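As structure tokens, the structure follows; a few thoughts come after it.
Read-outs throughout are calculated quantities, based only on the coordinates presented, and are distinct from any laboratory measurement. It should be emphasised that the depicted structure is a prediction, and the values quoted were computed from it without experimental measurement. Note: ideal-geometry Cβ built from the backbone for every residue, glycine included; neighbour counts use all protein chains shown.
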Amino acid sequence: MSLAVVHSRALDALRSPQVTVEVHLANGLPSFTLVGLADTEVKEARERVRAALQTSGLEFPNNKRITVNLAPADLPKESGRFDLPIALGILAASGQIDAAKLARFELAGELSLAGELRPVRGALAMALAAAHEGADPPRAMVLPTESAAQAARVDGVAIHAAAHLLEVVRSLLPGDSAVPLPRAVPAPVAPPPSRGDLRDVRGQSGAKRALEIAAVGGHSVLMVGPPGSGKSMLAQRFAGLLPPLTHDEAIESAALLSLTGAAAAHTWGERVLRSPHHSASSAALVGGGSPPRPGEISLAHHGVLFLDELPEFQRPALEALREPLETGRVTISRAARQADFPARFQLLAAMNPCPCGHLGSALRACRCTPDVVARYQGRLSGPLLDRIDLQVEVPAVAATTLAQAPGGDSSAAMALRVAQARARALQRQGVLNRELAGESLERLCTLDAAASNFLQSVSVRLGWSARGFHRVLRIARSIADLADSETIVLAHVAEAVQYRRVLAVQ
């Protein structure tokens, strides 16, 4: 036959729409034309496919006019994922493989010049799209071995793994000579890496308490303290307090990481800790590019985003965090395209109280003038600070404390308390405390009379916004859950108020 149709998928943000690869062979001057809004990487497939077929001992129709159409024509196509479908389309159109068998599969894979299959980005997103579309009968997917190990975690779609073009060709030979491809097996999960123990951080009982509360309710935290006081150590150990990801959360997290090629099958189910440098741009944090790709806030979905030296970040980059902190999603709009990514991350930030870092320290004197301190702290806008739930002071640690043996609870003991408190919250309301809003916030964050009067008087005195008032309620709810209390009492509210007063919240 002179026409063959192969099924594949493109990437459009976290979506993976179907792409039909049509290959037509005709008489005429020899040529190889590729149409369908293909990017440069896709157009270069002509040379990769030609070399891969020839070095694999397969026939390439050099004397034919080859036309490859990637439909739909208005959907941008990028990366080398279409190498394998194009190569198989040429073989089917020239009668070297069974086109009827080819119709039962969706294929993606980049080819080396020797015919080896290289992994592609977004394998999980492709498998999720195939599973959710619910085609009848569903088409199985053929992916490179490494990509198939990731996609095999998705239920509802058959995933086959191949390491070389010839393996796929043998499975599509006519008659009984075909050798079926093996089903992909999820890669074994490696033991989680050691993130350290919070007992390694000497002193800082107040900061540890704040992190425990944050872990219960999913709250964001800003740590303020001089250099070397342990802010980074606390942040690096924070993920050890969080419970393991559920299967659905692990799928979502890995799917986003796979869009950038950062997903690894052996790290399945781990909560990610993203820590971009303070020189990161707005696009690096939020996402962007053409086609749009997720930024650090989306790659930290269901994990932790740690921003060290917070005032040193570019002002536009920090202000771009305001909407995602509220909504848990980010929409990247361009003139021709729009991409929507989830961004339900837990923000940890750290900063010095002043440029020299020693404002308020009992160990060293600060050399900054009040104007310099005000300008430095003013790099963080009031609306951004208003969206950070807990502010905690991390003071300098004296040498006598550093010389003592580790003290305080271990990460394992704190994680157990966090898991129990989270379980209470999820059983009561189905969501974390940070997501309480509207009627559910009023109903589930009930205060006794003393606590209510105290919170109202503090709110008026400090001039809190409605957002700040409600955030204190959510923090108090998390403190009450840690104490296994259904009612929020005065002690819970008083502690919650203290976490809003390190820096001025306008």
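General observations
- The lysines within cross-link reach of residue 231, meaning a Cα-to-Cα straight distance under 21 Å and a gap of 8 or more places when in the same chain, are 208.
- Gained length - residue 469 relative to residue 487, 0.36 nm times residue gap less alpha-carbon distance: 4.7 nm
- Computed FRET value (nearest 0.05) for residue 452 with residue 37, which takes r as the C-beta separation and R₀ as 56 Å: 0.40
- Here's how it looks for residue 108: its modeled amide H is under 5 Å from those of 142, which are all 5 or more places away or on a different chain.
- FRET efficiency, 1/(1 + (r/R0)^6) with R0 30 Å, evaluated for residue 248 and residue 74 via beta carbons: 0.40
- Within straight-line cross-link reach of residue 64, lysines at Cα separation under 21 Å, skipping those fewer than 8 residues along the same chain: 43
- Region 57-209 shape via C-alpha gyration tensor axes, a/c threshold 1.5: prolate
- Rounded Å value of the spacing that divides the Cα centres of region 112-190 and region 1-71: 19
- Beta bridges assigned by DSSP with both partners in the chain are antiparallel in approximately 45 percent of cases.
- Distance from region 198-257 to region 461-488 (C-alpha centre basis), Å: 20
- Positive-end extreme of charge dipole, region 198-430 - chosen from 362, 216, 277 (charges on Cβ): 362
- Calculated [222 nm] ellipticity per residue, helices only, for the chain: -10500 deg cm²/dmol; basis is -39500 (n - 2.57) per DSSP H run with n ≥ 4, divided by all residues, nearest 500.
- Ignoring aspartates and glutamates fewer than eight residues from residue 77 along the same chain, the ones with Cα atoms less than 13 angstrom from its Cα are 12, 39, 41, 44.
- Separation of alpha-carbon centers, region 380-441 and region 75-89, rounded to whole Å: 47
- Electrostatic dipole magnitude of the chain [Cβ: Lys, Arg +1; Asp, Glu -1; Cα centre; debye, to 20]: 900
- Dipole axis of the chain (+1 Lys, Arg; -1 Asp, Glu on Cβ), positive-most option in 342, 88, 151: 342
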